[in-house]
Amino acid sequence: MGSVSVTHHGGDSIDASRLTVTVDGTTAFESGDVAASKYNEEVNEWTETVESDDTLTISGGKGTSITDGQTIEIEWTPEEGDSVLIARSGVRF
């Protein structure tokens, strides 16, 4: 089933409600919550404001999995305008 961790390593704090994490195009985290997704939350320090060293760890569940070769993407949506891809990485176990 696997899991993946994403850590904010520095810079400005980010409003968690403006972040979306996808695994191969399927939403795994949105608006500060994994509960609405098909993925399980292992660690969620991304609740309201994401600050330096805060981590989000998700694992597969409810018919999903985290496997080698999948693509993880993080998008940020500003108050006005389109979302911006801020990170993309391949899963490697």
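The values are calculated or read from the model by the stated rules, or taken from the named source; none is laboratory data. The structure presented is a predicted model; accordingly, all values stated were derived computationally and were not measured. Backbone-built Cβ (ideal geometry, glycine too); neighbour counts: all protein chains shown. All accessible areas refer to the heavy atoms of the entire protein, side chains included, with ligands and DNA or RNA removed. Shrake-Rupley method; radii C 1.70, N 1.55, O 1.52, S 1.80 Å.
Among the protein heavy atoms of the chain, carbon and sulfur supply 41% of the accessible surface, probe 1.4 Å, non-protein parts ignored. Suppose we flag trypsin sites (Lys or Arg not before Pro) only when DSSP calls them loop and at most 13 other Cβ atoms lie within 10 Å. Which is the longest uninterrupted stretch of the chain? By the stated rule (loop sites, at most 13 other Cβ atoms within 10 Å), 1-61.
Rolling a 1.4 Å sphere over the protein heavy atoms, what is the accessible area per residue of the chain, to the nearest Å²?
Details: 5390 Å² over 93 residues.
Result: 58 Å² of accessible area for each residue.
Under the criterion of Cα pairs below 8 Å and six or more residues apart, the relative contact order for the chain equals 32 percent. For the chain, the Kirkwood hydrodynamic radius comes to 13.2 Å, computed from all pairs of different C-alpha atoms.
Determine the gain in length on full extension of the stretch Val91-Lys38; use 0.36 nm per residue of separation and subtract their C-alpha separation, reporting nm with one decimal. Could you put the intermediate results ahead of the total?
Values: separation 53, 0.36 × 53 = 19.08 nm, distance 1.79 nm.
Once the chain is fully extended between Val91 and Lys38, it gains 17.3 nm.
For region 1-45, the relative contact order is 22 percent, taking Cα pairs closer than 8 Å that sit 6 or more residues apart in sequence and dividing their mean separation by the residue count.
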